[in-house]
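Asker: Take a look at this one; I'll ask things after.
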Amino acid sequence: MAPTTCLRIPFLPARGRSANVNAPPSWLPRRLSLKSSATNGPFTSADVMGADWKGLKVAYQGCAGAYSEAAAKKAYPNCEAVPCEHFDTAFQAVQNWVVDRAVLPLENSLGGSIHRNYDLLVQHSLHIVGEVRLEVHHCLLANPGVKIENLKSVMSHPQALAQCEHTLTGLGIEHREAVDDTAGAAKIVAEHMVQDTGAIASSLAAKLYGLDVLAENIQDGKNNVTRFMMLARKPNILRNDRPFKTSIVFSLEEGHGQLFRALGVFAQRKINLTKIESRPHKERPLRVSDDCSSLLKNFDYLFYVDLEASMADPKIQNALGNLKEFATFLRVLGSYPTNVNEP
Ligand SMILES: O=C(O)C(=O)C[C@]1(C(=O)O)C=C[C@@H](O)C=C1
């Protein structure tokens, strides 16, 4: 679904992967020049609690009233939140200097990882500069006068549909329609004045699009939390004076105990791992197994790991130096303060 005010791609010349992402392109209009471009160094100061982000443009996926918009405003209070049609649009908007930051979901406590954003992280050269967690309270919305028993279908973002699966089945609503974002679903239901289709979205979306809230807190678990990453063109200035996380991605040779050995470099140094995710290596998905049988091909994987330490910590620098000795690929995606704007 394409809310008309959303950023879409391609709308500006894309920059090659090898381009220097820290320099504004020559075609950049002056009015789009960034607050952060005034700083000289290759780093940005850590995006921390209490700062006023007035004037900062922050991309999010979806349209007004989406949870991602709330997350962008939680991460950067007073910022200008810029809606984008797709996750890639938000990545490109940062990379092409159209906006200063992006806030995008990485995982949800009920629905799990948002794999698309893991894949996009390695396809772009942006840095994770922070993370923010948002409690997600889904509501069942419908046009005024429509009752739950009139609903044959429900429309929402696939993650939101997954998070409410049992409740919807319990309500006898069998048909689901997936769209790009929760608020977009509310907008469609309102604009088309449908009487047999509801939307799963926030109470804010209900207000924005003039829908009734038929049921609140319909997610399949009391605690429904989505973790969002904050993305920038420059990495953070490294600090070691507050809780930091470091996110890395790596791949390994095929063989016994390779992953065990990789994770061992952190265990040996008592570095805590908070998350591990694996994704097929899109550029070389298949590899022949050790016994050279051409029939036996295994998937090659990228491993994404979050570490509870700052890159400023010599322990982590040491561990990554060790991992680099045998990893076939290694990239630091970002080192950032945990849970920005949480008490
Ligand atoms: O559709 C929205 O409102 C979003 O912000 C997207 C999204 C997601 O991608 O997971 C964000 C938080 C919720 O978990 C449900 C959907």
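Asker: Just to confirm, what accessible area per residue do you get for segment 136-178 at 1.4 Å probe, in whole Å²? Intermediate values should be presented prior to the final figure.
Answerer: On the way: 2030 Å² over 43 residues.
Accessible area per residue, segment 136-178: 47 Å².
Asker: Please enumerate, by chain and number, the lysines with C-alpha under 20 Å from the C-alpha of Lys187, excluding those fewer than 8 residues away in the same chain.
Answerer: Lys147, Lys152, Lys207
Asker: What are the ³J(HN,Hα) values, in whole Hz, obtained from phi via the Karplus relation 6.51 cos²θ - 1.76 cosθ + 1.60 with θ = phi - 60°, for each residue of segment 67-73 in sequence order, with x given for Gly and Pro?
Answerer: 4, 5, 5, 4, 5, 4, 6
Asker: So, one more: Which loop-located trypsin sites (Lys or Arg not before Pro) does segment 208-244 contain, where loop means any DSSP state but H, G, I, E or B and the Cβ has at most 13 other Cβ atoms within 10 Å?
Answerer: Numbers: sites: Lys222, Arg227, Arg233, Arg239; in loops: Lys222, Arg233, Arg239.
Taking segment 208-244 and a limit of 13 other Cβ atoms within 10 Å, the loop trypsin sites (Lys or Arg not before Pro) found are Lys222.
Asker: Taking amide hydrogens as modeled 1.01 Å from N in the peptide plane, which residues meet the under 5 Å criterion relative to Val213, leaving out close sequence neighbours?
Answerer: none
Asker: Additional query: Can you give me the long-range amide H partners of Ser310? Hydrogens built in the peptide plane at 1.01 Å from N, cutoff under 5 Å, separation of 5 or more residues or another chain.
Answerer: Those qualifying (amide H under 5 Å, at least 5 residues apart or on another chain) are Phe244.
Asker: Which FRET efficiency value, to the nearest 0.05, do you get for Glu149 and His115 by plugging their Cβ-Cβ distance into 1/(1 + (r/R0)^6) with R0 = 41 Å?
Answerer: 0.70
Asker: Straight-line reach from Lys234: which lysines fall under 29 Å, measuring Cα to Cα and dropping same-chain residues less than 8 apart?
Answerer: Qualifying lysines at Cα under 29 Å: Lys35, Lys54, Lys57, Lys73, Lys74, Lys245, Lys270, Lys275, Lys282, Lys315, Lys324.
Asker: Which whole-Hz couplings ³J(HN,Hα) result when phi for each residue of segment 244-261 is put into the Karplus expression 6.51 cos²θ - 1.76 cosθ + 1.60, θ = phi - 60°, listed in order with x for Gly and Pro?
Answerer: Running phi through 6.51 cos²θ - 1.76 cosθ + 1.60 with θ = phi - 60° gives 10, 10, 10, 9, 10, 9, 8, 10, 9, 5, 5, x, 4, x, 4, 5, 4, 5 Hz.
Asker: Among residues other than Ala102 whose Cβ falls under 11 Å from its Cβ, what is the net charge (Lys/Arg +1, Asp/Glu -1)?
Answerer: Values: positive: Lys57, Arg101, Arg233; negative: Asp88, Asp100.
That sum, taken over residues with Cβ under 11 Å, equals +1.
Asker: Something else: At 0.36 nm per residue, minus the direct Cα-Cα distance, what do Tyr301 and Glu80 gain on full extension? Give it in nm, one decimal, please.
Answerer: That works out to 75.8 nm of additional length.
Asker: All other residues with a Cβ under 14 Å from the Cβ of Asn272 taken together, and with Lys, Arg as +1 and Asp, Glu as -1, what is their net charge?
Answerer: The answer is +2.
Asker: Ordered by residue, what ³J(HN,Hα) values in Hz, to whole numbers, does segment 188-204 give under the Karplus form 6.51 cos²θ - 1.76 cosθ + 1.60, where θ = phi - 60° and Gly and Pro are x?
Answerer: Ordered by residue, 3J(HN,Hα) equals 5, 4, 5, 5, 8, 6, 5, 9, 10, 10, x, 10, 9, 6, 7, 5, 5 Hz.
Asker: Using 7 Å Cα-to-Cβ label points, what is the Asp212/Lys270 separation (nm, one decimal)?
Answerer: 6.0 nm
Asker: On the protein heavy atoms, probe 1.4 angstrom, tell me the percent of accessible surface of segment 143-213 carried by carbon and sulfur.
Answerer: Carbon plus sulfur share of accessible area: 56 percent.
Asker: Now a separate question. So what's the net charge close to Ile248: Lys and Arg +1, Asp and Glu -1, counting the other residues with Cβ under 9 Å from its Cβ?
Answerer: Numbers: positive: Arg331; negative: Asp306.
Net of charged neighbours comes to 0.
Asker: Scan around Gly334 for amide H atoms under 5 Å from its own, H built in the peptide plane at 1.01 Å from N, and keep only partners 5 or more places away or cross-chain.
Answerer: Counting only residues 5 or more places away or on other chains, the set is Ile128, Ser247.
The values are calculated or read from the model by the stated rules, or taken from the named source; none is laboratory data. Just so we're clear, the structure is a prediction, and the values are computed from it rather than from any experiment. Positions of Cβ are backbone-derived with ideal geometry, glycine not excepted, and every protein chain shown enters the neighbour counts. Protein only, heavy atoms only, side chains kept; ligands, DNA and RNA dropped before computing areas. Shrake-Rupley method; radii C 1.70, N 1.55, O 1.52, S 1.80 Å.
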